[in-house]
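Working notes for the structure below.
No lab work stands behind these numbers, since they all come straight from the coordinates. What you see is a predicted model; the values in this text were computed from it and never measured. Here the Cβ positions follow ideal geometry from the backbone for every residue, glycine too, while neighbour counts run over all protein chains shown.
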Amino acid sequence: MCDYCILENASRHISNTYNINISALKNTLNNSNKIYRIDFTGGEPFLVPNMVELCIELTKKHFIVFNTNLTSKKVKEFAEKINPERVSFIIASCHIKELERLNLLSRYIDNFLLCKNRGFNIWAIEVGYPPLLKEVDKYKKKILEKGIYLTFCPYMGRYKGKFYPDSYSEKEVKIFGLEEFNFNQHYPHGQFCNVGYNVGLVKQNGDISYCIAINKSLGNIYEGIKFKDKLIRCPSKFCNCPVNMNDPYLFRKAISEVGSYDAEWIQPFKNTIKDFTKILLYKYLTDNTRKLLIEIFMRNKFFRKYLFKHWI
Ligand code: SF4
């Protein structure tokens with residue numbers, strides 16, 4: 001319920017979480033004969049019931065990364081059973097206002113120190129949300145007293161009609177400690193990206209696509225992963241996590257292996273319309289209205305052809 005959540009209120013929901021099929025996933029990874037870095041992010045990864053068992057299996061061969069609010073009771077078991085050398089890092093999202101509101105700050109701190117003392121590479125990161133500006137020092141001090149260094153990442157979104165991170169003043173950048181961030185990297189339109197080549201985004205049902213902006217399939221974690229043999233040029237105006245910044249190692253590797261020659265231009269338009277229409281159809285319309293709209297679409301020859309070609 002953080003004010004700065006990247007999802008609008010209307011799109012936030014508690015989805016059912018279910019076990020990940022560990023043996024099927026292991027088969028897929030083994031068949032592809034690569035070593036992976038698997039980043040768990042969310043929502044909250046620890047809501048997956050068999051997350052710790054999954055991590056035990058994955059870390060036998062692969063590496064993992066966690067982006068978690070660190071308040072789950074499973075963190076203790078995770079810290080005790082997982083080899084810290086196989087966890088590249090843990091981003092412990094410190095949503096300070098919500099932690100206070102829900103009386104979970106002490107649990108966050110205990111779990112953080114537990115992981116730190118077990119040797120995990122763990123960072124406490126809060127979002128540099130403009131309304132927090134006046135309390136930055138207070139919260140940094142409060143957390144530091146417990147032995148944790150709190151840092152901030154840029155807020156991406158609107159606040160009081162202004163778009164961030166563009167609207168930070170120099171003073172605000174300094175207060176949040178964001179001087180090192182290269183905000184230009186969040187505008188990657190037309191630049192090379194290695195999604196599809198050696199990075200993919202996995203959804204809860206196991207489907208793998210290029211990234212949040214490109215909904216083209218790379219397979220499914222239970223059936224097989226089919227990476228492409230080219231880089232692409234980013235079709236998106238703005239990206240929260242451009243891969244060259246998020247995983248510089250894999251980006252450099254892709255460039256050195258295939259270079260920029262023949263990079264593919266992805267057209268975002270079709271995907272955007274498709275996704276928008278899907279959300280509209282399945283999320284906001286009642287069953288009867290949805291039925292009626294589909295009937296109207298199916299009566300039209302052009303739309304019928306389009307639906308059969310691209311959706312069915
Ligand atoms: S939106 Fe981000 S992840 Fe997707 S292609 Fe562009 S830079 Fe890469």
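Observations
- The modelled label-to-label distance between TRP265 and PHE183, using points 7 Å beyond Cα along the C-beta direction, is 2.9 nm.
- Note on the chain: dipole from Cβ charges, positive end direction compared against PHE176, PRO45, ILE212; the farthest Cα belongs to ILE212.
- Longest site-free stretch - the chain; sites: GluC sites (Glu not before Pro), DSSP loop, at most 15 other Cβ within 10 Å: 9-144
- Over 32 Å (Cα to Cα) - which of LYS74/LYS140; LYS203/LYS237; LYS60/LYS237; LYS146/LYS174; LYS97/LYS216; LYS226/LYS301 fall in this group: LYS60/LYS237; LYS97/LYS216; LYS226/LYS301
- Taking each DSSP H run with n ≥ 4 as -39500 (n - 2.57) and averaging over every residue of the chain yields -10500 deg cm²/dmol at 222 nm.
- If you sort the three axes of the alpha carbon gyration tensor as a ≥ b ≥ c, you get a/c of 1.5 or more for region 49-201 and a/b no higher than b/c, which makes it oblate.
- Positive-end extreme of charge dipole, region 1-154 - chosen from TYR18, PRO131, ILE90 (charges on Cβ): ILE90
- Relative contact order (%) - region 1-181, alpha-carbon pairs under 8 angstrom, separation at least six: 17
- Net charge dipole, region 184-266: roughly 140 debye, given to the nearest 20, about the Cα centre with Cβ charges of +1 for Lys and Arg and -1 for Asp and Glu.
- Averaging the sequence gap over all C-alpha pairs within less than 8 Å and six or more residues apart, then dividing by the number of residues, gives the chain a relative contact order of 12 percent.
- Among the chymotrypsin sites (Phe, Trp or Tyr not before Pro) in region 24-132, those placed in a DSSP loop whose Cβ has at most 16 other Cβ atoms within 10 Å are TYR36.
- Of all DSSP bridge pairs formed entirely within the chain, close to 40 percent run antiparallel.
- Neighbour counting of Cβ atoms within 10 Å sorts the residues ILE175, ILE294, ILE143, fewest neighbours leading, into ILE294, ILE175, ILE143.
- Dipole magnitude (debye, nearest 20) for the chain, charges at Cβ of Lys, Arg, Asp, Glu: 800
- Per-residue extension of 0.36 nm, minus the Cα-Cα distance of CYS5 and ARG252, leaves a gain of 85.8 nm for this segment.
- Electrostatic bookkeeping for GLU264 treats Lys and Arg as +1 and Asp and Glu as -1; over the other residues with beta carbon under 12 Å from its beta carbon, the sum is +2.
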